[in-house]
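See below for the structure under consideration.
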Amino acid sequence: MKKVFFLSHLLFLSISFYGSENYFSCDPKKFLSEDMLEKVKLHRESAFNICLSCNGQSCNFKNELISDDKSLSICKRLFCTPSFASRGFEIPAATPRGKSVFKFQYVISTEGRIKDIDITSVKGVFSSRDAKEFIKALTRKTKFIPITYENKTYELKGLQSEMNVNTRLGYE
């Protein structure tokens, strides 16, 4: 009986721990206007403890934001909206032609760059590798304002996005 109780308790804890990290949807293609960029810089530090939960140099959005759409929207604007995103980019040569939809997770580094891209699902002509190369090419020049608080720099984890692409050429 003790064994069953111990195993069920351990299973419950592992499920709770595994499900404790929520992923927040951010769009790395949309960037802040110059006017909005100044406002973000002005209000970011005061929202740091409201929006983010940090451990060491890594932060995540607080789970409480899931139930507060208005605060979540503000936190996303302040911490996961790029300060710059290139309007054009060179599609990798080996990219398949056609339609695809894929979801991916990523981290904003301490330098304000996208890193640790992980493709979580792909539908269409792209493979996971194609999707990852496409995202890398698309976000190569994307920049975020680095997250700093009390003279420490942080990375932002637990981000996700979805992309619909059509790489079919006009004459195909």
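When residues of the stretch 109-134 are filtered for being within 16 Å of residue 92 (Cα to Cα), basic (Lys, Arg) and buried (at least 16 other Cβ atoms within 10 Å of the Cβ), how many remain? Quick ask: steps written out before the conclusion?
Here is the first cut: in the stretch 109-134, the ones within 16 Å of residue 92 (Cα to Cα) are 125-134.
Keeping just the survivors that are basic (Lys, Arg) gives 129, 132.
Applying the additional criterion that residues be buried (at least 16 other Cβ atoms within 10 Å of the Cβ) yields 132.
Here the count works out to 1.
Which ranges mark the strands (runs of 3 or more DSSP E) fully within the stretch 22-109 that have 1 or more residues being touching an Asp or Glu at 6+ places or on another chain (Cβ under 6 Å) and within 24 Å of residue 124 (Cβ to Cβ)? First the steps, then the outcome.
Details: elements: 52-55, 58-61, 99-108.
Per the criteria, 99-108.
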Restricted to the stretch 135-157 and to residues being part of a helix (DSSP H, G or I) and out of contact with any strand residue (DSSP E or B) (no Cβ under 7 Å at 6 or more places or on another chain), the residue surrounded by the most Cβ atoms within 10 Å (Cβ to Cβ) is 138
The condition from (1) buried (at least 18 other Cβ atoms within 10 Å of the Cβ); (2) basic (Lys, Arg); (3) more than 19 Å from residue 144 (Cβ to Cβ) that residue 76 misses is numbered (3)
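Going by the conditions given, is residue 76 more than 15 Å from the chain's Cα centre (by Cα) and in contact (Cβ under 8 Å) with a residue 24 or more places away in the chain?
Spelling it out, it is not the case that residue 76 is more than 15 Å from the chain's Cα centre (by Cα) and in contact (Cβ under 8 Å) with a residue 24 or more places away in the chain.
Pick from 70, 76: which is farther than 24 Å from residue 138 by Cα, among the basic types (Lys, Arg) and modelled with pLDDT under 95? First the steps, then the outcome.
Values: 76 fails: farther than 24 Å from residue 138 by Cα.
After ruling out the rest, the residue left standing is 70.
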Here the residues within the stretch 94-129 that are free of Cβ contacts under 8 Å to residues at least 24 places away in the same chain and under 16 Å from residue 168 (Cβ atoms) are 123
Only unsatisfied item for residue 168, checking (1) over 30 Å from residue 49 (Cα atoms); (2) free of Cβ contacts under 8 Å to residues at least 60 places away in the same chain; (3) among the basic types (Lys, Arg), is (2)
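The values are calculated or read from the model by the stated rules, or taken from the named source; none is laboratory data. Being a predicted model, the structure only gives us computed values, none of them experimental. Using ideal geometry, Cβ is built from the backbone for each residue, glycine included, and neighbour counts are taken over all protein chains shown.
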